[in-house]
Amino acid sequence: MSDTSTSPAAPVPTDFIREFVAADLATGRHRKIVTRFPPEPNGYLHIGHAKSICLNFGIGLENTGRCNLRMDDTNPAKEEVEYVDSIIADVHWLIDGWADGVLGLKLRGEGSATGTTDGELAAHHPAAVLPADAAGRALEPFFASDYFPQLHAFAVRLIRLGKAYVCDLSAEEMERYRGSPDRPAMDSPFRERTVAESLDLFARMTAGEYADGARTLRAKIDMASPNIWLRDPVLYRIRKIDHHQTGNRWCVYPMYDFAHCLSDYIEGVTHSICTLEFEVHRPLYDWILCNLDLPDPLPHQYEFARLSLGYTLMSKRKLLQLVTEKIVNGWSDPRLPTLSGLRRRGVTPQAIRDFAYNIGVTKHNALTDVAVLEKAIRDDLNRIAQRRLAVLRPLKVVLTNLGPDEVVECSATNNPEDPAAGTRKILLTREVYIETEDFLEVPPPKYFRLRPGGEVRLKYACIIRCDEVIKDAEGRVIELRCFADLTTRMGAENSGKKVKGTIHWVSVPQSVRAEVRLYDRLFTAAEPERDGRDFKTVLNPHSLEVLEAHLEGSLAEAVPEVRYQFERLGYFCVDPDSRPGALVLNRTIPLKDAWAKETAKG
RNA sequence: UGGCCGAUGGUGUAACGGUAGCACAGGCGACUUUGACUCGCCUAGUCAUGGUUCGAAUCCAUGUCGGCCAGCCA
């Protein structure tokens, strides 16, 4: 089995759903496992979807099965091709190199063939093609809309069986008739309509004879059921609007409950995994499949708890609001938990997969600490990111014993976690920048950076001593004059000399300027909507800070999506906003900072 | 006064009638040319009450708390 595994030491994950899968394999109920990831293309994917993707593709991968990507596009009013495209890109980004081998797609353009509407099963549905079998042919996701002809045929069959009827109740009337969880329902006056009449009416609905909302097709189940979803749920509604895949071909569209179970069935899905709120829909899922008298094996639905992460919002509706109200800059704003936002921020797919593995899969709602995500991000970046020196808030230091044009060559380790990454040259000059916070005139106890008369090591270079502090008219420190002890350079006679602090720096003439964007959590509260509060009351006004930083010269040719660790500062990656000579970097996440924690203690 | 689902350290999870374990967070220490990484140690838990059992986080009952369900959304 391919193993660019989720976590270095990770055994195969286990959870209650995987136990069902294993049991079904053991009993011979299924020989091949097929799952699916079925987003509605009405928004961008976020890290909550990533949890589902990792579960569904993980199960496919672990069992040499398959996981189909399917657009659950049964409501043209809310869906757009922009979302279809972003979903495809995000899924690939997240699974490539891991589970892309079990990604089930179909041949482009296949499946939207005509079907019958006379109650007979359409003969064909698109076959799932794995990348290994594509032979260079273009593939695309499955679409629930591909099955509209078959779905329609199934609906007709249900009417013929006396298990569905056309209802003329308005939406308001239907709401009244339905009752409520603790109040009984009333039968629709159209419930006992003859099969022939329903058949005729449904055909005319399909032909476009009636206005939106005028009639619906309903399942005839049990109006006395304590489960609302069994009180004759709507199966089809009239919607005279264009669909992003099927154009104006249809004016009746199936509801989620009708389309989903049958789409699963059509694709040969064995385990249909969704989130907890669909638990109450499961009896309906089963009812539809059973009452259509479909041959086995039938798919089964399993539910797990959706992800909720501290200090962020996960619902597509709320994310859409953040985007449309321009609280953030589009769906890929690095502060958003969208996959495109995380990608732009510099988070790796591996880190997201590790995160998904670490949080597990259960049936109870939990609030996951962002620290778990941050840990996964740092762990992966620590392994792969090359180190560079950069100064965010510069303080000029003049090394008084170096000549104006003197250049001292230093060797810097690219990645201490990966010796194969090698070394690079950096140049020490008379004028350098250090981080403003690395000098304090009157330092607190345990501060071991630079102070007047004190010593500190410039990383990869040498130890310097602060001889003089230059201030401006307001008394602010604007420059330090220091002595550079070149005998403490690597390889020199005093290279072993120890000082408490080592700080980062860049050469003034050798550095490049860049815009650096620092991100913080979008909200100041772990649960932005706690107790029904408006999330806009807890927006973090400092979630984005833009600085002009000075980077080591080797970064001049940095390209988007390459990730670096700026030593002692954090992980950064180049933003696509970058232009030649005008680099823009995003800070993915700062390094852990024990000193900041120490000082915060007061 | 409905139905369904759930409850294990601060947080997320494991244990499937037989030693409550792991991770994150937190604390202390070691190492360190990143106050990073790494390593060592520590803190801290079975919602409650009954019952079954030699033995219960696990099974049963009752209660408590939490989530979901009254779209022609998914």
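The values are calculated or read from the model by the stated rules, or taken from the named source; none is laboratory data. Computed from a predicted model, the values in this text were never measured in an experiment. Virtual Cβ from ideal backbone geometry, glycine too; neighbours counted across all protein chains shown.
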For this session: Mind listing just one residue for me: the one in the stretch A:555-588 that is within 16 Å of RNA strand B (Cβ to nearest atom) and on the phi > 0 side of the Ramachandran plot and, of those, surrounded by the fewest Cβ atoms within 10 Å (Cβ to Cβ)?
Result: A:568
Exercise. Under the condition of being farther than 25 Å from residue A:566 by Cβ and among the small types (Gly, Ala, Ser), which residue from the stretch A:449-490 is surrounded by the fewest Cβ atoms within 10 Å (Cβ to Cβ)?
Worked result: A:473
Seminar exercise, completed: So, first residue in the same structural domain as residue A:217 (by TED's automatic domain parsing) and in contact (Cβ under 8 Å) with a residue 60 or more places away in the chain in the stretch A:237-259, second residue more than 10 Å from RNA strand B (Cβ to nearest atom) and basic (Lys, Arg), Cβ within less than 9 Å, six or more apart or across chains; the pairs are A:243/A:249
Exercise. Among the residues of the stretch A:432-448, which ones are buried (at least 17 other Cβ atoms within 10 Å of the Cβ) and touching a strand residue (DSSP E or B) at 6+ places or on another chain (Cβ under 6 Å)?
Worked result: A:432, A:433, A:434, A:435, A:438, A:439
For this session: Report whether or not residue A:263 is touching a Ser or Thr at 6+ places or on another chain (Cβ under 8 Å), closer than 30 Å to residue A:104 by Cβ and among the polar types (S, T, N, Q).
Result: no
Exercise. Can you tell me which of A:235, A:284, A:262 is more than 30 Å from residue A:85 (Cα to Cα), buried (at least 17 other Cβ atoms within 10 Å of the Cβ) and either in contact with a His (Cβ under 8 Å, 6 or more places away or on another chain) or not β-branched (Val, Ile, Thr) (or both)?
Worked result: A:284
Problem set entry | Conditions (1) surrounded by 16 or more Cβ atoms within 10 Å (Cβ to Cβ); (2) under 30 Å from residue A:315 (Cα atoms); (3) of a type in the set (Ser, Thr, Tyr); number of the one not met by residue A:507 | (2)
Seminar exercise, completed: Scanning the stretch A:394-428 residue by residue, the ones that are of a type in the set (D, E, K, R), more than 28 Å from residue A:478 (Cβ to Cβ) and out of contact with any Leu (no Cβ under 8 Å at 6 or more places or on another chain) total 4
Exercise. Among the residues of the stretch A:199-215, is there at least one that is polar (S, T, N, Q) and either surrounded by 20 or more Cβ atoms within 10 Å (Cβ to Cβ) or without any contact (Cβ under 8 Å) to a residue 60 or more places away in the chain (or both)?
Worked result: no
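Table: residues versus (1) under 36 Å from the mean Cα position of the chain (by Cα); (2) within 30 Å of residue A:128 (Cβ to Cβ).
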{"site": "A:214", "(1), (2)": "no, no"}
{"site": "A:219", "(1), (2)": "no, yes"}
{"site": "A:236", "(1), (2)": "yes, yes"}
{"site": "A:253", "(1), (2)": "yes, yes"}
For this session: Inspect all residues belonging to the stretch A:538-560 and state whether any of them is in contact with a helix residue (DSSP H, G or I) (Cβ under 8 Å, 6 or more places away or on another chain) and at pLDDT 95 or above.
Result: no
Problem set entry | Where a residue in the stretch A:486-499 is in the same structural domain as residue A:425 (by TED's automatic domain parsing) and its partner, wherever it lies, is small (Gly, Ala, Ser) and in a loop (DSSP other than H, G, I, E, B), with Cβ under 7 Å and at least six apart | A:486/A:492; A:488/A:495; A:489/A:461; A:489/A:495
Exercise. Of A:397, A:370, which residue is more than 12 Å from RNA strand B (Cβ to nearest atom) and either under 38 Å from the mean Cα position of the chain (by Cα) or surrounded by 14 or more Cβ atoms within 10 Å (Cβ to Cβ) (or both)?
Worked result: A:397
Exercise. Would you pick out the residues in the stretch A:565-589 that are of a type outside the set (Gly, Ala, Ser) and closer than 21 Å to residue A:460 by Cα?
Worked result: A:565, A:566, A:567, A:568, A:569, A:571, A:572
For this session: Would you please name the residue that is modelled with the highest pLDDT, looking only at residues in the stretch A:455-497 that are within 16 Å of RNA strand B (Cβ to nearest atom) and on the phi > 0 side of the Ramachandran plot?
Result: A:460
Exercise. Among the residues of the stretch A:141-163 satisfying the criterion of being surrounded by fewer than 22 Cβ atoms within 10 Å (Cβ to Cβ) and small (Gly, Ala, Ser), which is farthest from RNA strand B (Cβ to nearest atom)?
Worked result: A:162
Exercise. Of the residues A:335, A:306, A:345, A:353, which is at pLDDT 95 or above, crowded, with 20+ Cβ neighbours inside 10 Å, under 17 Å from the mean Cα position of the chain (by Cα) and within 15 Å of RNA strand B (Cβ to nearest atom)?
Worked result: A:353
Exercise. So which residues in the stretch A:435-446 are within 12 Å of RNA strand B (Cβ to nearest atom) and in contact (Cβ under 8 Å) with a residue 12 or more places away in the chain, if there are any at all?
Worked result: A:435, A:437, A:438, A:439, A:444, A:446
For this session: Taking the options A:46, A:30, name whichever one is in contact with a Ser or Thr (Cβ under 7 Å, 6 or more places away or on another chain) and within 15 Å of RNA strand B (Cβ to nearest atom).
Result: A:46
Exercise. With respect to residue A:495, is the statement that it is surrounded by fewer than 16 Cβ atoms within 10 Å (Cβ to Cβ) and not acidic (Asp, Glu) true?
Worked result: yes
Problem set entry | Subset of the stretch A:400-422 (residues that are hydroxyl-bearing (Ser, Thr, Tyr) and within 12 Å of RNA strand B (Cβ to nearest atom)) | A:411, A:413
Problem set entry | Members of the stretch A:510-536 that are among the β-branched types (Val, Ile, Thr) and either within 16 Å of RNA strand B (Cβ to nearest atom) or surrounded by fewer than 21 Cβ atoms within 10 Å (Cβ to Cβ) (or both) | A:512, A:524
Problem set entry | Count of the stretch A:164-191 residues which are among the acidic types (Asp, Glu), closer than 19 Å to residue A:236 by Cβ and more than 11 Å from RNA strand B (Cβ to nearest atom) | 0
For this session: Those residues that are of a type outside the set (A, V, I, L, M, F, W, C) and within 39 Å of the chain's Cα centre (by Cα), I need them from the stretch A:171-196; list them, please.
Result: A:172, A:175, A:178, A:179, A:180, A:181, A:182
Problem set entry | For residue A:268: the one exception among (1) more than 30 Å from residue A:211 (Cβ to Cβ); (2) not assigned by TED's automatic domain parsing to the domain that holds residue A:29 | (2)
